[in-house]
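Input: a single structure, listed below in structure tokens.
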Amino acid sequence: MSEPTIEPLIVVGVDGSNHSKEALRWAVAQAAMTGARVHAVMAWEWNRNPFAINPVASETADAEAVTAEEAARRKLADTVAAAVGTSPGVPVFRRVEQGSPAQVLVDASKEADLMVVGTRGFGGFKGALLGSVSQQVVQYSAGTVVLVREGADEND
């Protein structure tokens, strides 16, 4: 009996910026060519004050954390829709995870066949620079990483 075929997984970091929208568009186009599925991943962070011992403050912090997570979910949904529409032609799953963006993406790279992130894309010398998150993903990713520069064309 043969094992079921699982589509390759492309994980793309999304933060709502034009850079991440361009990365998502690239990932969806790649998925269409390779029969892959896409996970659009957005991280959110919540810093709790360790000195807040008041139970009311703790309840407020919990409610604000849920609100921050929900805001991230909405932002991710809006970003995916703006970048690739509601029917991109390949499976695009939205994932919102708590943690620092670089660490969330590095962790997600462990299950991915391909990791895609946007970068600054200034052109010229500045175009060679990476953002801190993209740099950490490139450095620590468990697999292959594609950096997509906003507005890049085939002549760049």
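Name every residue in region 25-41 that is out of contact with any Gly (no Cβ under 8 Å at 6 or more places or on another chain), among the aliphatic types (A, V, I, L, M) and outside any loop (DSSP other than H, G, I, E, B), in order of residue number.
Matches in region 25-41: ALA27, ALA29, ALA31, MET33, VAL38, ALA40.
Residue by residue through region 10-24, note down the ones that are outside any helix (DSSP H, G or I) and surrounded by fewer than 19 Cβ atoms within 10 Å (Cβ to Cβ). Break it down into steps so the answer makes sense when it comes.
Keep residues of region 10-24 that are outside any helix (DSSP H, G or I), which gives 10-17.
Correct list: GLY16, SER17.
Got a number for residues in region 108-156 being modelled with pLDDT of 85 or more, part of a helix (DSSP H, G or I) and out of contact with any helix residue (DSSP H, G or I) (no Cβ under 8 Å at 6 or more places or on another chain)?
5
Answer yes or no as to whether HIS39 is at pLDDT 95 or above and open to solvent by 10 Å² or more (accessible area, probe 1.4 Å). Working first, answer last.
Details: at pLDDT 95 or above: yes; open to solvent by 10 Å² or more (accessible area, probe 1.4 Å): yes.
So HIS39 fits the description; yes.
Hey, among the residues in region 86-107 that are over 19 Å from TRP46 (Cβ atoms) and part of a loop (DSSP other than H, G, I, E, B), which one's least open to solvent (accessible area, probe 1.4 Å)?
Among those residues, the one meeting the criterion is VAL90.
The values are calculated or read from the model by the stated rules, or taken from the named source; none is laboratory data. Please read these numbers as outputs of a predicted model, since none were measured by experiment. Heads up, the Cβs are rebuilt from the backbone with ideal geometry, glycines too, and the neighbour counts pull from every protein chain shown. Side chains are part of the model used for accessible areas, which takes the heavy atoms of the whole protein and leaves out ligands, DNA and RNA. Shrake-Rupley method; radii C 1.70, N 1.55, O 1.52, S 1.80 Å.
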